[in-house]
Amino acid sequence: MLENVVTFASAIGFILKVYSWVHIAAFIASWINADPNNSIVSTVNRVTLPMWNWVAFRLPRNLTAFAPIFALMLVIFAEIAIPGIIRSIGAIMTSSIEMGGGLQNIVYYILYGGLYIVSNIVGFVFFLAIIWFVFTLVNPPLNNPIIRSIMYLIDPLITPLQRFLPRSRVDLSPLVLAGIAFLCREVLFRIMAPIQAGLLI
């Protein structure tokens, strides 16, 4: 019985994994202005845009541009939490673990999923900060859609740092942001490790 539950949970996890990659593909397609009439692009948009719009409707107006990222983070959270919850419930129902241990396991999966999402967002900020620092050295064309997208994402985080850092020939704010993101992610990993070790199934 438990083996069937675990198999079902793994199948759900695999479907959500594929769905997360579809979101990534849609995000990339929006960056490169892919032809919406292409059959693959059209299918990807039909699968992802309803969720993007659902998320955008629930976000503050100044954050609606980030709806695709929030949608992807929700899918990744579900990919971690839902299979874990299914396995935990299955283990409780088959008496493989006690009720208290099973409920704790569910809470751990939810916490781990949430912290994993936060760590990914912080890692994404680190990645963008490094890219933006390179861009400041080569002066890329701002009419490029990828450059504009990165600038739109990273500028709200860099601008406050620029007010406090001394002015220099090279803008160091992206490196400072990258350093802060790196330290924050290390702290998150240290918090996540005992939670992951505490999972029972």
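All of the numbers you see were taken from the coordinates with simple rules; none came from a lab. Bear in mind that the values here come from a model prediction, so they are computed numbers and not experimental data. For neighbour counting, all protein chains shown are included, and Cβ atoms are generated from backbone atoms with ideal geometry for every residue, glycine included.
Return the calculated 222 nm mean residue ellipticity for the chain, to the nearest 500 deg cm²/dmol, obtained by summing -39500 (n - 2.57) across DSSP H runs with n ≥ 4 and dividing by the residue count.
Values: 6 runs with 162 residues, N = 201.
Calculated mean residue ellipticity at 222 nm is -29000 deg cm²/dmol.
Exactly which trypsin sites (Lys or Arg not before Pro) in segment 123-201 are in a DSSP loop and have at most 12 other Cβ atoms within 10 Å? Each step should come with its number before you reach the end.
On the way: sites: 148, 163, 167, 169, 185, 190; in loops: 167, 169.
Counting only loop positions with at most 12 other Cβ atoms within 10 Å, the trypsin sites (Lys or Arg not before Pro) in segment 123-201 are 167, 169.
Take the alpha carbon atoms of segment 6-36, find their center, do the same for segment 112-133, and report the distance between the two centers in whole angstrom. Result: 19 Å between the Cα centres. Amide H contacts of residue 97 (H built 1.01 Å from N, in plane; Pro and chain starts excluded): 92 sit under 5 Å, all sequence-distant by 5 or more or on other chains.
The angle between the Cα long axis of helix 39-58 and the main principal axis of the chain comes to about 90°, on a 0 to 90 degree scale. Axis of helix 99-138 versus longest Cα principal axis of the chain: the two differ by about 20°, to the nearest ten degrees. Rounded to the nearest whole Hz, the Karplus-based 3J(HN,Hα) values (6.51 cos²θ - 1.76 cosθ + 1.60, θ = phi - 60°) of segment 17-32 follow the sequence 4, 4, 5, 5, 5, 5, 4, 4, 4, 5, 5, 5, 4, 5, 5, 9, with x at glycine and proline.
Expressed in whole Å with the largest first, what are the equivalent ellipsoid semi-axes of segment 65-161 derived from the C-alpha gyration tensor as the square root of 5 times each eigenvalue? Working shown, then result.
Details: eigenvalues 345, 29, 16 Å².
Each semi-axis is the square root of five times an eigenvalue, giving 42, 12, 9 Å.
Comparing mean-square fluctuations of 38, 105, 120 from a GNM of the chain with C-alpha springs under 10 Å, the top value falls on 38.
When Rg and Dmax are taken over the Cα atoms of the chain, they come to 20.4, 66 Å.
List the relative contact order of segment 106-201 as a percent without decimals, with contacts defined as Cα pairs under 8 Å and 6+ residues apart.
Numbers: 65 pairs, mean separation 46.2, N = 96.
Taking the mean separation of contacting Cα pairs over the length of segment 106-201, I get 48 percent.
The dipole here belongs to the chain: it is taken about the Cα centre, uses +1 on the Cβ of Lys and Arg and -1 on the Cβ of Asp and Glu, and is about 500 debye. Rounded to the nearest whole Hz, the Karplus-based 3J(HN,Hα) values (6.51 cos²θ - 1.76 cosθ + 1.60, θ = phi - 60°) of segment 69-75 follow the sequence 5, 4, 4, 4, 5, 5, 5, with x at glycine and proline.
Once the Cα gyration tensor of segment 106-201 is found, what semi-axes does its equivalent ellipsoid get, as square roots of 5 times the eigenvalues, in whole Å, sorted largest first?
Working: eigenvalues 218, 44, 18 Å².
Ellipsoid semi-axes (Å, largest first): 33, 15, 9.
The angle between the Cα long axis of helix 145-164 and the main principal axis of the chain comes to about 80°, on a 0 to 90 degree scale.
If the viscosity is 1.002 mPa s and the temperature 20 °C, what translational diffusion coefficient in µm²/s does Stokes-Einstein give for segment 1-96 when Rh comes from Kirkwood over Cα pairs? Can you show the working numbers first?
On the way: Rh = 14.9 Å.
In µm²/s, the coefficient rounds to 144.
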